[in-house]
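Engineer: Before we start, here is the structure in question, set down as structure tokens.
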Amino acid sequence: MNQLTPQHTHALITGGAGFIGRHLTGHLLSLGQPVEVIDDLSTGGIHNIEPYKDHPGFSYTIADMRKEALLAEMVDRAKVIYHLAAAVGVRLIVENPVRTIETNIGCTETLLRLANKKGKKVILASTSEVYGKNSHVPFVEDHDLVLGSTSKGRWSYACSKAIDEFLALAYCRDRGLPVVVARLFNTVGPGQTGRYGMVLPSFVRQALSGQPITVYGDGTQSRCFSAVDEVVRCLSALAETPEAVGKVVNVGSTKEVKILELAELVKKMTGSSSPIKMVPYEQAYKDGFEDMHRRVPSVDRLRDLVGFVPQMGIEQVVESVIRYYRER
Ligand code: UDP
């Protein structure tokens, strides 16, 4: 931990050493808002903290956030809490089901309870995964969630995050805790690891190292990718918008890209000679994995609340990720 004095701390970011936490930290510091981070480095990395280590407005603690006394002190110092700490990434979720559920529900419950005691605003990072098997795009925040069977482990992530949302909204309605639930769609950009299955960094790494670019299924499934810089601007704008309290808000881009097209784009932009390899789902994932075919957000609520939505083109985002991996 560096030498930041407690009274200077305004934003607490749980999971701040992760990919989105890194960019949110940079954004808040650039706005002149001091930041304190707690992270257990289970999926995040110290390299995400490195750029800010000597910044006078930054402090961090590497610890399990279930250490309540420690977390209580941090919550006490914060003006707003961005709760990003979670087990994420399809591969991690499918391979570590107990950890996913325990982390995602346990940590959120502890945080909300402490924030409620001190009356601190919480921005809960949720996920478009909660829409589950819903096939009616665009996804509107108040529409039904269609979650899969409990015998298929991959749904534990969606269900655990849905419970987090219920809990956060219950604290808001029942106890008056100011909460905003941000449902993040596929967020990409420099610094994201492909280790836990995320598609863009995986493709870029494969293309740059000459390995086959692995497209799961038939590649016609699509995603809307948003640039992390734009996503963190949305998060901080939501935190500053009183009308967002008590609401669930989709945060994402509406520009849809098929996964096979993404593979072709990455191959072209890297100039790679890697072959594009189609991998059946049964080989790609264990545990009866079910993929979502389309996932497109309705962004009307986000636009109404904060006045802008992520709109960076996929080429620009892919370019930034290629540059990041080339520089490493
Ligand atoms: N995907 C793929 N190859 C990979 C990793 C992922 O084809 O090496 C596919 C995956 O099956 C899904 C899409 O890319 O259809 C996005 O996957 P990711 O894990 O990035 O995000 P999510 O499924 O959570 O949207």
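Engineer: Would you point out the residue of segment 197-255, among those that are part of a strand (DSSP E or B) and touching a Gly at 6+ places or on another chain (Cβ under 9 Å), that is nearest to the ligand (Cβ to nearest atom)?
Structural biologist: C224
Engineer: Do you know which of the residues in segment 133-154 that are without any contact (Cβ under 8 Å) to a residue 60 or more places away in the chain and within 16 Å of the ligand (Cβ to nearest atom) is surrounded by the fewest Cβ atoms within 10 Å (Cβ to Cβ)?
Structural biologist: V146
Engineer: Is it the case that segment 253-261 has a residue that's surrounded by 20 or more Cβ atoms within 10 Å (Cβ to Cβ) and within 28 Å of V122 (Cβ to Cβ)?
Structural biologist: Within segment 253-261, one or more residues are surrounded by 20 or more Cβ atoms within 10 Å (Cβ to Cβ) and within 28 Å of V122 (Cβ to Cβ).
Engineer: Let me ask something else. Can you name the residue in segment 66-85 that is of a type in the set (G, A, S) and in contact with an Asp or Glu (Cβ under 8 Å, 6 or more places away or on another chain) and is also surrounded by the fewest Cβ atoms within 10 Å (Cβ to Cβ) among such residues?
Structural biologist: A78
Engineer: Is it the case that some residue within segment 175-184 is more than 30 Å from L265 (Cβ to Cβ), in a helix (DSSP H, G or I) and either at pLDDT below 95 or not aliphatic (A, V, I, L, M) (or both)?
Structural biologist: yes
Engineer: Going by the structure shown, is G153 more than 22 Å from E282 (Cα to Cα) and among the small types (G, A, S)?
Structural biologist: Considered against the rule, which asks whether it is more than 22 Å from E282 (Cα to Cα) and among the small types (G, A, S), G153 comes out as no.
Engineer: What are the pairs, 6+ residues apart or on separate chains, where a residue within segment 64-82 that is farther than 16 Å from A11 by Cα has its Cβ under 9 Å from a residue that is in a strand (DSSP E or B) and at pLDDT below 95?
Structural biologist: none
Engineer: Can I ask one more? Starting from segment 26-47, take each residue that is in contact (Cβ under 8 Å) with a residue 12 or more places away in the chain and under 16 Å from M65 (Cα atoms) and list its partners that are in a loop (DSSP other than H, G, I, E, B) and of a type in the set (D, E), counting only C-beta distances under 6 angstrom and pairs at least six apart or across chains.
Structural biologist: D40/D64
Engineer: Output the number of residues of segment 273-306 satisfying the condition of being part of a helix (DSSP H, G or I) and closer than 16 Å to S222 by Cα.
Structural biologist: Applying the first criterion (part of a helix (DSSP H, G or I)) to segment 273-306 yields 281-284, 300-306.
Subset that is closer than 16 Å to S222 by Cα: 281.
Summing the residues that are part of a helix (DSSP H, G or I) and closer than 16 Å to S222 by Cα in segment 273-306 gives 1.
Engineer: If you don't mind, there's one more thing I want to ask. Taking T110 as meeting all but one of (1) surrounded by fewer than 23 Cβ atoms within 10 Å (Cβ to Cβ); (2) under 27 Å from Y285 (Cβ atoms); (3) of a type in the set (S, T, Y); (4) touching a residue at least 24 places away in the same chain (Cβ under 8 Å), write down the number of the exception.
Structural biologist: Only one criterion in (1) surrounded by fewer than 23 Cβ atoms within 10 Å (Cβ to Cβ); (2) under 27 Å from Y285 (Cβ atoms); (3) of a type in the set (S, T, Y); (4) touching a residue at least 24 places away in the same chain (Cβ under 8 Å) is unmet by T110, namely (2).
Engineer: Still on this structure: For G15, indicate whether it is under 28 Å from E240 (Cβ atoms) and at pLDDT below 95.
Structural biologist: Judged against the criteria, G15 is not a match.
Engineer: Condition first: touching a Phe, Trp or Tyr at 6+ places or on another chain (Cβ under 6 Å) and under 30 Å from L260 (Cα atoms). Now tell me which residues in segment 158-204 satisfy that.
Structural biologist: N186, V188, P190, G191, Q192, V204
Engineer: Does K258 qualify as being under 30 Å from H10 (Cα atoms), among the basic types (K, R) and touching a Lys or Arg at 6+ places or on another chain (Cβ under 9 Å)?
Structural biologist: It is false that K258 is under 30 Å from H10 (Cα atoms), among the basic types (K, R) and touching a Lys or Arg at 6+ places or on another chain (Cβ under 9 Å).
Engineer: Moving on to the next point. Name the strands (runs of 3 or more DSSP E) wholly inside segment 20-136 in which the number of residues that are in contact with a strand residue (DSSP E or B) (Cβ under 6 Å, 6 or more places away or on another chain) and more than 25 Å from S253 (Cβ to Cβ) is 3 or more.
Structural biologist: Once the strands (runs of 3 or more DSSP E) in segment 20-136 are filtered for at least 3 residues that are in contact with a strand residue (DSSP E or B) (Cβ under 6 Å, 6 or more places away or on another chain) and more than 25 Å from S253 (Cβ to Cβ), what remains is 35-39, 58-62.
Engineer: Moving on. Which numbered condition trips up L235, out of (1) in contact (Cβ under 8 Å) with a residue 24 or more places away in the chain; (2) within 17 Å of V80 (Cα to Cα); (3) more than 13 Å from the chain's Cα centre (by Cα)?
Structural biologist: (3)
Engineer: Right, next: Just the residues that are of a type outside the set (V, I, T) and buried (at least 22 other Cβ atoms within 10 Å of the Cβ), please, taken from segment 203-215.
Structural biologist: Of everything in segment 203-215, those that are of a type outside the set (V, I, T) and buried (at least 22 other Cβ atoms within 10 Å of the Cβ) turn out to be F203, Q206, A207.
Engineer: On the basis of being within 12 Å of the ligand (Cβ to nearest atom) and of a type in the set (A, V, I, L, M), does V179 make the cut?
Structural biologist: no
Engineer: Residue by residue through segment 34-47, note down the ones that are in contact with a helix residue (DSSP H, G or I) (Cβ under 8 Å, 6 or more places away or on another chain) and modelled with pLDDT under 95.
Structural biologist: Within segment 34-47, S42, T43, G44 qualify.
Engineer: Something else now. Considering only segment 188-205, state which residues are out of contact with any Lys or Arg (no Cβ under 6 Å at 6 or more places or on another chain) and under 13 Å from I20 (Cβ atoms).
Structural biologist: Within segment 188-205, the subset out of contact with any Lys or Arg (no Cβ under 6 Å at 6 or more places or on another chain) is 188-190, 192-193, 195, 198-205.
Matches in segment 188-205: V188, G189, P190, Q192, T193, M198.
The values are calculated or read from the model by the stated rules, or taken from the named source; none is laboratory data. This is a predicted model, so every value here is computed, not measured. Neighbour counts run over all protein chains shown; Cβ positions are idealised from the backbone, glycine included.
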